[in-house]
Structure formats: structure tokens, C-alpha cells
Amino acid sequence: MSRLEALLDGELTSGSLPVIVPGQGVEEYEREILRGALRRYGLPESLLADVPLPAPIYHSEVHKRNPDNVLIAGLRRISDDQFEAVLRVSDRQEMVLDHTTGSHIAGMVITEVVRQISLAVGERYLLTPSRTPRRFILNSLQTSFHKFLLPLPARLEYTLEEVKHKGLNRVRFVGRCDVLQTNVLAASGSMDLVVMDESRADEIEARQIHEMTHALAELQLPKLQETEEYAARTALSRTAAS
């Protein structure tokens, strides 16, 4: 608010009126505070640009428990393999709270955007409704950054590049997400995912845990034996010395 008041003081002194564009994280509560500041200066509330505040998609579609962590809003299908959404970043989003560098949106947030829109497209458009729990398993994730993404409105374009159905509850798909600001590409990313029954994923995970723990035990056994032999020799030497 202090920066805003300094801006208003400067603009009023110069005789020109500012246009205030609310950025990411400036939601209805914060916008009402801004309108109040404008009223105190005797300025019209219309100076605050009427930037739409789209509702985020349901948090379960991006596998989040806290709705504040959802980064995708307004997801819709354009064609068979084309989807569109907008970015919405809350100032209470987990990565924003714990990692801020400069004025731009951090790369780790953009990577999470690619992950979330991939999950949302899979959940909403690729899977048939089922009571059987399913698991999304990541095969690969790549992200490229072309320019700073500023905390202002941004559009997301998602393209399905490959889809392979392997039964009712198993599908593998690859998609690409482009993040655009004022129609200029700021970042892009692709994600390769496989979806399967949760029970099948649990079986694979349990088998790998079993294999890994046994392999680690075998690696540690010679070291353990050496430690035991050393302890036995030390104890023997102490006995002999006494």
C-alpha cells in the first residue's frame, strides 16, 4: 500500500491519472482495499482495471488438498487435442510462500503449472468415471523458459501429443503446455504420464521396496560383518591385556 500511495502522490502531482492493473494474488479482498485507497484520494474506482478473476478448477483435479495451491483456472476443451486455461496464482500458494526471487513468477511454479494442467486434462477428459482408485505416475517432465513470466494475467495452451489406452483404467499420454503473456511465449513444458489402477501401482511399488531393501541389506552386510569382526578382535585384545 505504501508503494501505491507513493505512486498516487506522484501521479497526482504530475497531473496524470494512473491505471492500476491487479496482478496475480490480488484477489477480491485486496481489490477492495485498492478501491478504498482510490476513494480516499478522491479518485474514481474505475482506475482499477477490471481484470477478470476466474475461479480455479476443483482441487482434486490437480491432486491438491488445499484449494489455495491450485494454479489452473477456466480449463476448457478447444478441439480433440487442444485445451486452454488461464493462470491463477494465490498469494497463499505453497511455492509462493516459500520461494520468491525478484518480481517474476518462479520457475518451480511454472513447472507445477505444467504438472497441474496435465493432471487436470487427464482427470477431466481422458479417463472414464470409475469407482476404482487410480494413480498418475510421472515418466518424464521437461520445462523451458524463454522470458520472465510476470505476476500478471497469462494464458495456458495445452496440446495432447500422444494418447494410448491400455484397458479401461490404464492410459498413457504425453502433452505440451505453452505459457503465454500478451500472446508472447514465456515458458513451455511437456509431461509424459501413465495412469493405472491404484492397486496395480501399489503392487509395483511394494515389489520395488522389497527388492531395494534386500539389495541395500546385501550391500551393508559385508560392512556389518567387518564391524562385528573388528569389535570381536578389540574385545579379545582387551581381554588378553587384562
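Just to check your reading of the model, which residue among Lys164, Lys147 is touching a Phe, Trp or Tyr at 6+ places or on another chain (Cβ under 8 Å) and of a type in the set (D, E, K, R)? After applying the criteria, what remains is Lys164.
Asp91 passes every criterion in (1) at pLDDT below 95; (2) part of a helix (DSSP H, G or I) apart from (2).
Can you spot a residue in the range 185-203 that is open to solvent by 60 Å² or more (accessible area, probe 1.4 Å), in contact with a Pro (Cβ under 9 Å, 6 or more places away or on another chain) and not in a strand (DSSP E or B)? The answer is yes; a qualifying residue exists. Condition (residue is modelled with pLDDT of 90 or more, open to solvent by less than 70 Å² (accessible area, probe 1.4 Å), outside any helix (DSSP H, G or I) and small (Gly, Ala, Ser)) applied to the range 96-105: is it met by at least one residue? Among the residues of the range 96-105, not one is modelled with pLDDT of 90 or more, open to solvent by less than 70 Å² (accessible area, probe 1.4 Å), outside any helix (DSSP H, G or I) and small (Gly, Ala, Ser), which makes the answer no.
Consider the range 106-126 and keep the residues that are of a type in the set (Val, Ile, Thr) and within 17 Å of Leu180 (Cα to Cα). The one that is most open to solvent (accessible area, probe 1.4 Å) is Thr111.
Applying the condition of being open to solvent by 10 Å² or more (accessible area, probe 1.4 Å) and of a type in the set (A, V, I, L, M, F, W, C) to the range 54-71 and asking which residue is nearest to Val174 (Cα to Cα) yields Ile57. Among the residues making up the range 79-119, those that are under 18 Å from Ala186 (Cβ atoms) and of a type in the set (Lys, Arg) are Arg88, Arg115. Filter the range 149-184 down to residues that are in a strand (DSSP E or B), touching a strand residue (DSSP E or B) at 6+ places or on another chain (Cβ under 9 Å), open to solvent by less than 70 Å² (accessible area, probe 1.4 Å) and more than 17 Å from Val109 (Cβ to Cβ), then give me how many there are. Qualifying residue count for the region: 8.
Of the residues making up the range 19-48, those that are of a type in the set (Val, Ile, Thr) and crowded, with 17+ Cβ neighbours inside 10 Å number 2. Which ones in the range 173-220 are modelled with pLDDT of 95 or more and among the charged types (D, E, K, R)? Result: Arg176, Asp178, Asp192. Among residues of the range 83-138 being of a type in the set (Asp, Glu) and touching a residue at least 24 places away in the same chain (Cβ under 8 Å), the one that is nearest to Tyr29 (Cα to Cα) is Asp91.
Of all the numbered requirements in (1) open to solvent by less than 70 Å² (accessible area, probe 1.4 Å); (2) touching a Pro at 6+ places or on another chain (Cβ under 9 Å); (3) not in a strand (DSSP E or B), Gly74 misses one, and that requirement is (3).
The values are calculated or read from the model by the stated rules, or taken from the named source; none is laboratory data. Just so it is clear, the structure is predicted and the values come from calculations on it, not from any experiment. All Cβ positions, even for glycine, are placed from backbone atoms using ideal geometry, and neighbour counts span all protein chains on display. Note: accessible area is taken over every heavy atom of the protein model, side chains too, but ligands, DNA and RNA are not part of it. Shrake-Rupley method; radii C 1.70, N 1.55, O 1.52, S 1.80 Å.
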